[in-house]
Every structure is written in structure tokens, then in C-alpha cells.
Amino acid sequence: MHVHVELCVIPLNVGESLSPYIAECQRIFDDSGLTYQLHAFGTNVEGEWEAVMAAVKLCHMRIHEMGAPRIHSQLKIGTRVDREQNLQDKIDSVAGFQGSEC
């Protein structure tokens, strides 16, 4: 099953900057071949359910290996079976309404 997720990973008790930990997750998504988009408060990821969930698990494992004793994550999951839709399709759909009156 194809899935879209929004993942926000917050390592706890690791100091001020979370950038190294977030960058590690980006490397995991890169290596997995998944489509993803980093944004200011998380990352959108799309792919097959098993591959996406495996990458999320690997993010947690790697961040713990980097020294984070605790991790708080928020995961939003969306699936759709009536038609194919990727992350960019969702953005383009909204962009088509910009400037039009409601």
C-alpha cells in the first residue's frame, strides 16, 4: 500500500541543535530511495508502507546510536486507494486554487 507520512523526530536531552539528527534521517530517506520533502517542522515521506515504516524505525535506531537517550516523534499517516497521488500532486492541487475566490 502506498503511504504519505509526515514525520517530526525530536531527540531529547541532546543539547540545543537537532540538525545533526535530522540530517541523519534525511540520509536514511536518501539511501532508501523514498521520495521526501524536508520542511520547517518535519519531513513528508512517500512510498510503500513497509519501506516508509522501515525508514522511520531506522531513524529512531540511528538517533539512539548517536547518543540520544530518548526520542519523541509525531507521525501522521495518509493512504488513498481511489487513485494514485504523490506529494507534489497534493501541493499542486492546492496551488491551483490560489488566487481564486472562495
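The values are calculated or read from the model by the stated rules, or taken from the named source; none is laboratory data. Because the structure is a prediction, the values reported are computed rather than measured. As a convention, Cβ positions derive from the backbone with ideal geometry for all residues, glycine included, and neighbour counts pool all protein chains shown.
The table for this structure:
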| quantity | calculated |
| --- | --- |
| Among the residues listed as Ser93, Ser100, Ser73, the single one being hydroxyl-bearing (Ser, Thr, Tyr) and modelled with pLDDT of 95 or more | Ser73 |
| Condition check for Leu38: out of contact with any Phe, Trp or Tyr (no Cβ under 6 Å at 6 or more places or on another chain), aliphatic (A, V, I, L, M), under 30 Å from Val14 (Cβ atoms) and part of a strand (DSSP E or B) | yes |
| Residue check, Val5 surrounded by 14 or more Cβ atoms within 10 Å (Cβ to Cβ) and part of a strand (DSSP E or B) | yes |
| Scan of segment 41-56 for residues that are among the small types (Gly, Ala, Ser) and in a helix (DSSP H, G or I), ordered by number | Ala51, Ala54, Ala55 |
| Matching entry among Glu24, Glu65, Glu46 (being on the phi < 0 side of the Ramachandran plot and in contact with a strand residue (DSSP E or B) (Cβ under 8 Å, 6 or more places away or on another chain)) | Glu46 |
| Of all residues making up segment 57-78, the number that are surrounded by fewer than 18 Cβ atoms within 10 Å (Cβ to Cβ) and outside any strand (DSSP E or B) | 10 |
| Pairs, first within 27 Å of Tyr21 (Cα to Cα) and of a type in the set (Gly, Ala, Ser) in segment 68-82, second part of a strand (DSSP E or B) and at pLDDT 95 or above, C-beta under 6 Å, six or more apart | Ala68/Pro11; Ser73/Val9; Gly78/His4 |
| Some residue of segment 12-19 being assigned to a loop (DSSP other than H, G, I, E, B), surrounded by 13 or more Cβ atoms within 10 Å (Cβ to Cβ), among the hydrophobic types (A, V, I, L, M, F, W, C) and under 11 Å from the mean Cα position of the chain (by Cα) | no |
